[in-house]
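Down below is the structure, laid out as structure tokens.
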Amino acid sequence: MKRTVKKSDPQLTYYDLSERVTAFSSTRHGGVSEGSYGTFNVNGYCGDEPDHIAQNRKALCKLLQIKTDRLIMPHQVHGTGITQISKTFFLLSEDIRRSATEGIDALITNVPGVCIGVSTADCIPIIIYDPEHHAAGVVHSGWRGTVANIAEAAVASMVRSYHSKPESLLAVIGPSISCRNFEVGDEVYDAFASAGYPMDAIGVREEKWHIDLPKCCRLQLEAVGIPSANIRMTDICTYDHTDDYFSARKLGIASGRILTGIVLR
């Protein structure tokens, strides 16, 4: 039986991938955090009050109908580390579980009743779902992770771990900064060019270079075999929509983070 959502609950943006999953990105609404963290932030690494984070996490888990220790969020470092969340993960001590998700930017799982999620505030959040093997992955792809092909690495990890077939995968590229607002220096442009990206397709020169990070991630997913029709672009720019979503570029790094996650049912 589904729980009735109240106005005081965390307000989530849902993605219709399957009746067997709950996939979402959080908004700024429905929590107790204040100021630039207001009102809904569950990230513990951006300076928010610990008690507010705890209350928001508890409310989210209640809404998702999962146990509070089944909300798994890594401490991200803009790298390419990937951790698999298996049933045995929950037999480990809290310290070891925290260590296993330290310095990690993508998670994969096939365990029902677990929410795996990544935090962003302009970077690209990606959800990947395998309906054939009922497995999922979430990816935090900042510009460094995008240059290093973390989305490709996450798909490869699902192929190894769950025998996923890229042509069967579904993906969502969540709220993130748009090309128009992602102004970068020449060194960032050069990094993408050196990585082999088609710069005429993903780069625009104005006073400075602008890079289309969502398109870069889409190209990665397509390159590993996910059909274009299976990739959903939310086309929500976090910088332009800070009333609803966090943006570190506009609000500063001392602000909240969006959680993009998926729960297998």
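Do you know which of the residues in the stretch 102-114 that are open to solvent by less than 10 Å² (accessible area, probe 1.4 Å) and not aliphatic (A, V, I, L, M) is nearest to Ala153 (Cα to Cα)? Even if it seems obvious, please write down each step before you answer.
First, the residues of the stretch 102-114 that are open to solvent by less than 10 Å² (accessible area, probe 1.4 Å): 105-109, 114.
Those still in the list that are not aliphatic (A, V, I, L, M) too: 105, 109.
Numbers: Asp105: 11, Thr109: 15 Å.
Among them, the one singled out is Asp105.
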Identify all residues within the stretch 247-263 that are open to solvent by less than 30 Å² (accessible area, probe 1.4 Å) and more than 30 Å from Pro131 (Cα to Cα); write none if there are none. Ser247, Ala248, Gly252, Ser255, Gly256
Within the stretch 49-59, is even one residue in a loop (DSSP other than H, G, I, E, B), of a type outside the set (S, T, N, Q) and touching a residue at least 24 places away in the same chain (Cβ under 8 Å)? no
Between Ser36, Ser86, which is farther than 21 Å from Ala156 by Cα and either open to solvent by less than 60 Å² (accessible area, probe 1.4 Å) or not small (Gly, Ala, Ser) (or both)? Ser36
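Got a sec? Which of Gly145, Gly117 is in contact with a Leu (Cβ under 9 Å, 6 or more places away or on another chain), open to solvent by less than 20 Å² (accessible area, probe 1.4 Å) and at pLDDT 95 or above? If you could, list the steps in order and put the result at the bottom.
Values: Gly145 fails: in contact with a Leu (Cβ under 9 Å, 6 or more places away or on another chain).
Criteria check complete, one pass: Gly117.
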Out of Gly113, Gly145, Gly137, report the one residue that is part of a loop (DSSP other than H, G, I, E, B) and not aliphatic (A, V, I, L, M). Gly113
Taking the stretch 60-81 as the search range and keeping residues that are in a loop (DSSP other than H, G, I, E, B) and aliphatic (A, V, I, L, M), which one is nearest to the chain's Cα centre (by Cα)? Met73
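The values are calculated or read from the model by the stated rules, or taken from the named source; none is laboratory data. Remember, it's a predicted structure, so these values are computed and weren't measured experimentally. Cβ coordinates were reconstructed from backbone atoms using ideal geometry, including for glycine residues, and neighbour counts include every protein chain displayed. Quick note on the areas: whole protein, heavy atoms, side chains included, nothing else; ligands and nucleic acids left out. Shrake-Rupley method; radii C 1.70, N 1.55, O 1.52, S 1.80 Å.
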